[in-house]
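K.L.:
Just passing along the structure, written as structure tokens.
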Amino acid sequence: MVRKQNSDGMISTIELGRAVKRRRHELGLSLRDVADKTEVSASTLSRIENGTGKPDADNIARLTDWLDMPIDRVMSKRGENEVEPVVYYPHEATPEIVEAHLRADKNLSDDTAKALSELFRVAYSQFSEKK
């Protein structure tokens, strides 16, 4: 199955929005809380989470910094036959690393990669030892 390419630009707003929303929920924060921490307005955050916003470079940098995520993670793929590089930092949690690998798998649709990463995230949180 061929994955759809994002032709709207270099940044996948959908991926960025999913990551912000997931982290915000994990930390139990409101949009206002994240806005205060990132200096990105709550209304802009809402649009990014919903996939309708087009953040500027400063907001992208602020959000990826808050997420502690390499900016490469939200970059759009360029060509249909290109394999998305898997980029992560050693300090990233295992679920984020697994998600990056699933998203890079050209044999998985976006929806399948997302579903598998969520399944792994749930299983990981249930079976991993909390320190």
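Read the figures in this text as sums done on the coordinates, not as results from a lab. The model shown is predicted, which means the values in this text are computed figures rather than measured ones. Here the Cβ is made from the backbone with ideal geometry for all residues, glycine too, and neighbour counts use every protein chain on show.
K.L.:
Pop the C-beta distance of Arg32 and Val122 into the FRET formula with R0 = 30 Å and round what comes out to the nearest 0.05. Write down the numbers at each step before the final one.
P.N.:
On the way: r = 28 Å, r/R0 = 0.92.
Calculated transfer efficiency: 0.60.
K.L.:
When you have a sec, figure out the Kirkwood radius of the stretch 13-127 from all distinct Cα pair distances and drop it here in Å to one decimal?
P.N.:
Numbers: mean 1/r = 0.0675 Å⁻¹.
Computed over Cα pairs of the stretch 13-127, the Kirkwood hydrodynamic radius comes out at 14.8 Å.
K.L.:
Okay, next question. For the stretch 13-127, with only Lys/Arg (+1) and Asp/Glu (-1) charged at the beta-carbon, what is the dipole magnitude about the Cα centre, in debye rounded to 20? Can you show the working numbers first?
P.N.:
Numbers: 17 positive and 21 negative charges, 56 e Å.
So the magnitude is around 260 debye.
K.L.:
Residues with amide H under 5 Å of Met75's amide H, sequence separation 5 or more or different chain, H placed in the peptide plane at 1.01 Å from N; which?
P.N.:
Residues meeting the amide H criterion: Ser12.
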